[in-house]
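*Asks:* Just dropping this structure here.
The values are calculated or read from the model by the stated rules, or taken from the named source; none is laboratory data. Since the structure is predicted, the reported quantities are computational estimates derived from the model, not experimental observations. Here the Cβ positions follow ideal geometry from the backbone for every residue, glycine too, while neighbour counts run over all protein chains shown.
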């Protein structure tokens, strides 16, 4: 399936993963389809930057070295008053209990690594704000 740049154009996406290769690789892929991605390798880095970047979507690893992804998600939601913020777990934790915990913690979706390109793009389509709502 081909993807047009306009369908993802202007989407601000944070990728938070302590695996630098994974975070940078996803960010590079997102950039090729018109997103504005920023990679972070620690939860605290992402928390400091989020109010300035105002992402539409955050892909969040749940197993970060400085704090768990559930804590990061909770603090992201409390950091400012986003009109639109979707937080999607992107993790190696794939048991049903992990998915339930993610849902109970208020994350919007749970993707299990390795995530296919199609699955990543489908998550973006599902949770991205409409084109006319992408300006802050």
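*Asks:* Inspect all residues belonging to the stretch 5-20 and state whether any of them is without any contact (Cβ under 8 Å) to a residue 12 or more places away in the chain and not in a strand (DSSP E or B).
*Replies:* No, because not a single residue in the stretch 5-20 is without any contact (Cβ under 8 Å) to a residue 12 or more places away in the chain and not in a strand (DSSP E or B).
*Asks:* Could we say that residue 62 is under 18 Å from residue 17 (Cα atoms), surrounded by 16 or more Cβ atoms within 10 Å (Cβ to Cβ), touching a strand residue (DSSP E or B) at 6+ places or on another chain (Cβ under 8 Å) and modelled with pLDDT under 95 here?
*Replies:* No: the conditions fail for residue 62.
*Asks:* Something else now. Sort through 20, 77 and tell me the only one that's at pLDDT 95 or above, surrounded by fewer than 19 Cβ atoms within 10 Å (Cβ to Cβ) and in contact with a strand residue (DSSP E or B) (Cβ under 9 Å, 6 or more places away or on another chain).
*Replies:* On inspection, the qualifying residue turns out to be 20.
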